[in-house]
Amino acid sequence: MNTGPASAKPFLLRGSSDNVLLFIHGFTASPSEVYPTAHLLYEMSGYTISGPLLPGHGSTREEMNRSCWEDWFEAVKKDIYGLQENYQNVWVAGLSLGALLAIHGGIHCSGLRGVVAINPPVFIKNPHFKFLAPLLQNFRPYWPKSNMVQCTKLEEQGRFAYDCTPVQAFRSMMKLRDIVLREIHNITTPLLLMQSELDETVKIHSAKFLAGKVQIAKAIVLNLPNSQHIATMGPEKQFIAREIDAFIKQY
């Protein structure tokens, strides 16, 4: 049950185009962090854009720690197939965790026209946390975030996110990351990968590494030289919206 604030709610921007984009937020966050870019894209293109709220997000940290990647992907898959019943061309985009879910959808959901993945957490900048997480979850299930200054700035701009990392849920995200790495060679839909060069969470060669594993589909990598991890709220959000629009028009 979602008991979070209004800023954590899902959004739907109804356009006049046959194209619809499912835009998935990141780990511990909410649709509020992808809305700024989504709204710019909506204004320039007229696409319908849906921003869902993933299970366990937008409520309490306890609820999130009871959720897992299977829950998140089941919700994404339901949304994709629901949109395909009403729209001719369905695309999926995601930030961070949302990027992993978008790629997984591109592999396992038939009929998608293309995938946009922004800052997928392939290689994180604190790898020790991944290895310590199995121990931490037993005595400290909620780990404080280290970038709270940046989180506070984003909160002031309207983003809702938890102020900690639910460790068990983090471990589940890393399981999804491992699955995506094993299976990405099977993706057949066009893939646009974007990577922030100032990313404080993900190492900047993550997107290029993923692109190198794509064997069948067309994979494009774009760097964002002035953006941090939440690029969809940063100084290059207009550029991101334009590139997503161009990607959709191309394919």
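Just so it is clear, none of the values below were taken in a lab; they were calculated from the coordinates. Predicted model, so just to flag it, every value in this text is computed and none were measured. Cβ atoms come from the backbone with ideal geometry, glycine included; neighbour counts cover every protein chain shown.
Which order do peptides 25-31, 181-187 fall in by mean Cβ count within 10 Å, highest first?
On the way: 25-31: 26.7, 181-187: 16.1.
Those peptides, ordered most packed to least, come out 25-31, 181-187.
Would you mind putting 93-99, 173-179 in packing order, based on average other-beta-carbon counts within 10 Å, highest first?
Numbers: 93-99: 28.6, 173-179: 17.1.
Result, highest mean Cβ count within 10 Å first: 93-99, 173-179.
Need the full-extension length gain, ILE179 to THR60, defined as separation in residues times 0.36 nm minus the C-alpha distance. One decimal, nm. Display every interim value, and only then the final one.
Numbers: separation 119, 0.36 × 119 = 42.84 nm, distance 2.68 nm.
Once the chain is fully extended between ILE179 and THR60, it gains 40.2 nm.
On a straight-distance basis, which aspartates and glutamates could pair with LYS153 in a cross-link, Cα separation under 16 angstrom, same-chain partners fewer than 8 positions away excluded?
Candidates past the 8-residue exclusion: GLU33, ASP163, ASP199, GLU200.
If I take R0 = 30 Å and measure r between the Cβ atoms of GLU156 and MET44 in this structure, what FRET efficiency does the formula 1/(1 + (r/R0)^6) give, to the nearest 0.05?
Numbers: r = 26 Å, r/R0 = 0.86.
Plugging the Cβ-Cβ distance into 1/(1 + (r/R0)^6) gives 0.70.
Under the 0.36 nm per residue contour assumption, what length would be gained going from the current alpha-carbon distance of ASP163 and SER16 to full extension? Please list the in-between numbers first.
Working: separation 147, 0.36 × 147 = 52.92 nm, distance 3.76 nm.
Going from the current span to full extension adds 49.2 nm.
Between the range 95-127 and the range 229-251, how far is it from one alpha carbon centroid to the other, in angstrom?
15
Under 17 Å from a label point 7 Å along Cα→Cβ of ASN126: give me every residue in the range 195-217 with its amide N that close.
199-204
For a protection proxy built on the mean count of beta-carbon atoms within 10 angstrom, sort 196-203, 7-14, 159-166 highest first, please.
Working: 196-203: 17.5, 7-14: 15.9, 159-166: 21.0.
Highest-to-lowest ranking by the protection proxy: 159-166, 196-203, 7-14.
Among the listed pairs LYS125/LYS249; LYS145/LYS249; LYS77/LYS203; LYS77/LYS249, which are separated by more than 31 Å between their Cα atoms?
Among LYS125/LYS249; LYS145/LYS249; LYS77/LYS203; LYS77/LYS249, the Cα-Cα distance tops 31 Å for LYS125/LYS249; LYS145/LYS249.
Could you give the distance between the Cα centres of the range 168-228 and the range 1-49, to the whole Å?
21
Among the GluC sites (Glu not before Pro) in the range 46-130, which ones are in a DSSP loop with at most 14 other Cβ atoms within 10 Å of the Cβ? Mind listing them? Don't skip to the end; give the middle numbers.
Working: sites: GLU62, GLU63, GLU70, GLU74, GLU85; in loops: GLU85.
Here the GluC sites (Glu not before Pro) that fit, given the DSSP loop and packing criteria, are GLU85.
Given charges of +1 on the Cβ of Lys and Arg and -1 on the Cβ of Asp and Glu, with all other atoms neutral, how large is the dipole of the chain about its Cα centre, in debye to the nearest 20?
Details: 24 positive and 21 negative charges, 105 e Å.
Here the size comes out at about 500 debye.
From the list (i) 49, 39, 35; (ii) 49, 45, 31; (iii) 51, 41, 40, can you say which value of Cα extents along the principal axes in Å was derived from the structure given?
(i)
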